[in-house]
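A short write-up of the structure that comes next.
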């Protein structure tokens with residue numbers, strides 16, 4: 001329980017510092033998975049595993065945002081190329 005409180009505090013600090021809301025369900029699933037792996041495989045305590053899981057989950061969210069942005073840019077470039085060919 002103490003790890004959960006610590007994790008929520010870190011999450012609030014990160015949201016405040018970056019000004020970006022966190023999709024809690026997706027982040028929660030990633031964090032729960034990382035905590036389970038750390039507890040079962042590496043025998044890390046809950047208090048330590050929640051902050052580690054939040055940091056890794058936050059990096060995962062950054063990766064997903066960058067991937068979505070790159071995909072949208074590729075789609076826009078493809079659309080611009082098609083429109084350029086149609087104008088010729």
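The values are calculated or read from the model by the stated rules, or taken from the named source; none is laboratory data. Bear in mind the structure is a predicted one, so any value in this text is a computation, not a measurement. Neighbour counts are summed over all protein chains in view; Cβ atoms, including those assigned to glycine, are modelled from backbone coordinates with ideal geometry.
Once the range 33-54 is narrowed to residues that are surrounded by 13 or more Cβ atoms within 10 Å (Cβ to Cβ) and free of Cβ contacts under 8 Å to residues at least 40 places away in the same chain, the residue that is nearest to residue 6 (Cα to Cα) is 52. When residue 79 is tested against (1) surrounded by 10 or more Cβ atoms within 10 Å (Cβ to Cβ); (2) part of a helix (DSSP H, G or I); (3) under 14 Å from the mean Cα position of the chain (by Cα), just one condition goes unmet, and that condition is (3). Residues being assigned to a helix (DSSP H, G or I), touching a helix residue (DSSP H, G or I) at 6+ places or on another chain (Cβ under 7 Å) and modelled with pLDDT of 80 or more are represented in the range 37-46 by at least one member. When 74, 26, 66, 20 are screened for being modelled with pLDDT of 80 or more and within 19 Å of the chain's Cα centre (by Cα), only 66 passes.
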